[in-house]
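**Q** Submitted below is the structure of interest, expressed as structure tokens.
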Amino acid sequence: MQLLWGLIWKYHKDKFPNLLTLARLALTSTVHTAGCERGFSVQNQILTKLRNRLNVETQSKLMRVKLCCLERNVIVEKALSVWRKSKTRRAYALKMPNLKVLLINTKVERSTRALVQGVRDKLQKYPDIINPALDSIDAISKESVQILSHIASNPQQSTLYEPLMEMILMNQLQLKVLGVSHPTLDTICQSCEELGLTAKLTGAGGGGCAYCLIPPGNIM
């Protein structure tokens, strides 16, 4: 259809300009609301009660990626490169140290959607409890960034790893408050703690993997 109208417009636009303009306008009119409904659905997936501070521009860009990236040949690496160069990013401005980490697979199946819904339900039911837990996780993340920066500058100074291990422990405790841990993950974290190490869940939790930080000089 697109090729046909291209040929018609090319060879007849001078003969029937008004008629062809009217036809093009008619063809652009939507005959259903599926596109609008899809847009509202994607908006509700992006803008949630747990992620409600996005500005209009950011939300619009995220919706565009969500709606269009599957329909176009998007080169992710190129898009990431453009995103990095657009302005200074904290994640890439931070000098990260080389850390020795043990990744442990629980082999427990999980549903990220169910876990997120569980946190959302708890937030609605106990906002005065869950909101401080979320704020605490944010504060732990910011403090960890500072600690990692110090470790990067002094990688062999073992005392710098102690506060990072405390951050990992506190983070895991807050994640348990949110209800996204799992008995198997708790057992792994307890076993690591008995060895003088600290571990926490990764990703959405509820199963999956845990990682354990191995400080310099530690012999497993």
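Since every read-out is calculated from the coordinates, none of them should be taken as a lab result. Nothing here was measured: the structure is a model prediction, and the numbers come from that model. Here the Cβ is made from the backbone with ideal geometry for all residues, glycine too, and neighbour counts use every protein chain on show.
**Q** Compute the distance in nm between two label points, each set 7 Å from the Cα along the Cα-to-Cβ direction, one at Q45 and one at K15.
**A** In this crude label model, Q45 to K15 measures out at 4.7 nm.
**Q** What order do you get for I140, I46 when you list them from fewest to most C-beta neighbours inside 10 Å?
**A** By the 10 Å Cβ count, ascending: I46, I140.
**Q** In nm, to one decimal, how far is the S191 label point from the A139 one, both placed 7 Å along Cα→Cβ?
**A** Calculated label separation equals 3.3 nm.
**Q** Tell me which DSSP H helices of the chain clear both cut-offs, 27 Å or more of axial length from alpha-carbon atoms and a mean Kyte-Doolittle hydropathy of at least 0.0. Could you put the intermediate results ahead of the total?
**A** On the way: long enough: 127-153 (39 Å, 0.33).
The qualifying helices are 127-153.
**Q** Something else now. Report relative contact order for the chain in percent, whole number only (criteria: Cα-Cα under 8 Å, sequence separation at least 6).
**A** 22 percent
**Q** Also: When all alpha-carbon pairs of region 94-214 are counted, what percent fall beyond 26 Å?
**A** When all Cα pairs of region 94-214 are counted, 24 percent exceed 26 Å.
**Q** OK, next. With 10 angstrom as the radius, rank D121, D128 by how many other C-beta atoms surround their C-beta, starting from the fewest.
**A** In order of increasing Cβ crowding within 10 Å: D128, D121.
**Q** For the pair Q117/E37, report the inter-label distance in nm, with labels modelled 7 Å from Cα in the Cβ direction.
**A** 2.0 nm
**Q** Follow-up. Taking neighbour Cβ counts within 10 Å as the exposure measure, how do T106, T198, T187, T28 sort from fewest upward?
**A** In order of increasing Cβ crowding within 10 Å: T28, T187, T106, T198.
**Q** Please compute, for the alpha-carbon atoms of region 98-149, the extent along each of the three principal axes and give them in descending order in Å.
**A** So the extents along the principal axes, rounded to whole Å, are 40, 31, 13.
**Q** Follow-up. May I ask you to list the lysines whose Cα is less than 26 Å away from that of K87, ignoring any residue fewer than eight positions away on the same chain?
**A** Here the lysines satisfying the reach criterion relative to K87 are K61, K66, K78, K95, K142.
**Q** Most fluctuating residue of H12, H150, H182 in a GNM of the chain with Cα springs under 10 Å: which is it?
**A** Fluctuation is largest for H12.
**Q** Ok, one more. If you project the alpha carbons of region 153-218 onto their three principal axes, what span does each projection cover, largest first, in Å?
**A** 35, 20, 16 Å, listed from the longest principal axis down.
**Q** Another one. So if the hydrodynamic radius of the chain is defined as the Kirkwood radius over C-alpha pairs, what does Stokes-Einstein give as its diffusion coefficient at 20 °C and 1.002 mPa s, in µm² per second?
**A** 97 µm²/s
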